[in-house]
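Coordinate-derived values only; no laboratory data. Everything numeric here is computed off the predicted structure, so don't read it as measured data. Reconstructed Cβ throughout: ideal geometry from the backbone, glycine too, with neighbour counts over all protein chains shown.
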Amino acid sequence: MRILIINAQVVNEGIIAQQDVFVKDGLIAQIGSDLRHLKAERVIDANGKYLLPGIIDDQVHFREPGLTHKATIGSEARAAVAGGTTSFMEMPNTVPNALTQALLADKYAIAAQTSLANYSFFMGTSNDNYDELMRTDPKNVCGIKIFMGSSTGNMLVDEPHVLEKVFANAPCLIATHCEDEATIKYNTEKYRKEAPIGGLGASFHPLVRNEAACYKSSSFAVALAKKHNTRLHILHISTGEETELFEAPIGGLGAKRITAEACVHHLWFSADDYERLGNQIKCNPAIKAPRHRERILQALLDNRIDVIATDHAPHTWAEKQQPYWQAPSGLPLVQHSLNMMLEFVREGKISITRVVEKMSHAVADCFEIDRRGYIREGYWADLVLVDLNQTTTVQRDNVLYQCGWSPLEGTTFHSCVTHTIVSGHLAYAHGQFDESQRGQRLAFVR
């Protein structure tokens, strides 16, 4: 389908300008000030709305295979598209863990059949799958994931010689979950002994998985990367102390060997919210005191932190209602991540051009994604149209995750995603999906 978008406020590469955008054969064919003469099967008048490059989320957990009672690739990709996320990179702690090339290929096959969004999957690391890791194709896989601290699943990599070997020889980007396991175990034992009658609540989570655990692991990963000149990407920075480990890029993001990610929940929530939301916001690494939220935002603004993601991690409502120690960590966010950041725009905390940079441009640059993340002629048409004069209220009956809930229920955002185009396909418009086409596998220029 040829699609012509007219009168849009195009937000791209630091500039906002009223332009028309013509989409043909899946690509952005032309950008101009007046393209009304071009023939298209679908014309979208975007007067008063903002056209952004589609959001690229570099960290999600869509749970398939093996945990499909929580979510599927298909269900969560639909929610992502409804929120303006056109591409995702999914983590390997599914069941079985994606620790072989064959198991990784299985996930790509599922996505090819069911994902409305574009997709890529991380290859998982264990203490004994080095040979499989080295077979990872850097042009077709987003990266290698290392859990340098246990989280949901059992993929902890804690053998020093394994870490040295992988950091020294990784064929592509390494993405790390950084929490020091020994610190977490010590804190766990301490607070279990001190637990009041009835047990601990979720407010203890940032004490169990504390600042020291995060900084010790992140600083260790940075030291390893510097030692071996590894292309390292540290996920979900949750402490102000960790932000000091990173530097603003000199010579552009492409020259930066160590990059970092902030997640929307570490910007939106703080430890003050445990009393209201409890296990709903229990996640690893933990949401911590308000001071960390402010320092993470500042690190985004001065480019020490490079990208914004969700770490979307759904669990069933029943699982989250268990006592603190039993309740799993993770929260679903991908449907509203753009709304969350646009609310910060409204509050004057960040500009819309910087949101686009951190959620689209920089993700494409960081992972070296082929022809995505920008509104440029010849690039894939991954586009999202947002109305900043229309509200979105999160309610249980309009949450699209298979788990059926959101920690944002009751929140009203002053923005609305009206259209989402994925690889040239109008996948979502005014609350309706067109699933006649699937998203595409991401390719990488490395």
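Annotation: aspartates and glutamates with alpha-carbon distance below 20 angstrom to residue 185 (same-chain offsets under eight excluded): 158, 159, 194, 211.
FRET efficiency for the pair residue 376 and residue 409, taken as 1/(1 + (r/R0)^6) with r the Cβ-Cβ distance and R0 = 45 Å, rounds to 0.75.
Relative to the Cα centre, the charge distribution of the range 66-148, modelled as +1 at Lys and Arg Cβ and -1 at Asp and Glu Cβ, gives a dipole magnitude of about 240 debye.
Taking the beta-carbon count within 10 Å as an exposure proxy, list 360, 423 from fewest neighbours to most.
423, 360
The lysines within cross-link reach of residue 39, meaning a Cα-to-Cα straight distance under 21 Å and a gap of 8 or more places when in the same chain, are 24. Sorting 424-434, 237-247 by average packing, meaning the other beta carbons within 10 Å per residue, from highest down gives 237-247, 424-434. Applying Stokes-Einstein at 37 °C and 0.692 mPa s to the Kirkwood radius of the chain, computed over alpha-carbon pairs, gives a translational diffusion coefficient of 150 µm² s⁻¹. Taking 0.36 nm per residue of separation and subtracting the Cα-Cα distance, full extension of the segment from residue 255 to residue 182 would add 22.9 nm. Exposure proxy for 50, 186: other Cβ atoms within 10 Å of each Cβ, ordered fewest to most, give 186, 50. May I ask you to list the residues of the range 235-267 whose amide nitrogen lies under 19 Å from a point 7 Å from Cα along the Cα→beta-carbon direction of residue 223? Once the point is set 7 Å along Cα→Cβ of residue 223, 235, 241-247, 258-259 turn out to lie under 19 Å by backbone N, inside the range 235-267. Which aspartates and glutamates does residue 193 reach when only Cα atoms under 19 Å apart count, and residues fewer than 8 places away in its own chain are ignored? Result set, ordered by chain and number: 181. When you count the other C-beta atoms within 10 angstrom of each residue and take the mean per peptide, 10-18, 329-337 line up highest first as 329-337, 10-18. Just to verify a number: FRET efficiency for residue 113 and residue 45, C-beta to C-beta distance, R0 = 45 Å, to 0.05? For residue 113 and residue 45, the calculated efficiency is 0.85. By the count of other C-beta atoms within 10 Å, a proxy for reagent exposure, 167, 62 are ordered fewest to most as 167, 62. Mind checking which of 363, 232, 104 is farthest towards the positive end of the range 55-367's charge dipole, using Cβ charges of +1 (Lys, Arg) and -1 (Asp, Glu) about the Cα centre? Result: 363.
The residue among 348, 184, 138 whose Cα reaches farthest toward the positive pole of the charge dipole of the range 55-367, with charges on the beta-carbon of Lys, Arg, Asp and Glu, is 348. Determine the alpha carbon to alpha carbon distance for each of 70/145; 49/320; 216/282; 165/282; 226/282 and list only those over 29 Å. Violating the 29 Å limit, Cα to Cα: 49/320; 165/282; 226/282.
Relative to the longest principal axis of the Cα atoms of the chain, the long axis of helix 73-82 makes an angle of roughly 50 degrees. With the simple model of a label 7 Å out from the Cα in the direction of the Cβ, residue 435 to residue 248 spans 4.6 nm. Cβ-Cβ distance of residue 194 and residue 275, R₀ of 22 Å, FRET efficiency by 1/(1 + (r/R0)^6): the value works out to about 0.70. In the chain, the longest principal axis of the Cα atoms and the axis of helix 181-193 are about 70 degrees apart.
Along the axis of the charge dipole computed for the chain (Cβ charges of +1 for Lys and Arg, -1 for Asp and Glu, origin at the Cα centre), the listed residues 281, 395, 299 are led at the positive end by 299. Magnitude of the charge dipole for the range 110-194, about its Cα centre and with charges confined to Cβ atoms of Lys, Arg (+1) and Asp, Glu (-1), is about 240 debye.
For residue 34 and residue 321, the difference between the fully extended length at 0.36 nm per residue and the C-alpha to C-alpha distance is 97.9 nm.
A straight line joining the Cα centroids of the range 236-301 and the range 369-446 runs 23 Å. Protection proxy ranking, highest mean first, for peptides 134-140, 258-264: 258-264, 134-140, where packing is the per-residue count of other beta-carbon atoms within 10 Å, averaged.
For the chain, the antiparallel share of DSSP beta bridges with both residues in that region comes to about 50%.
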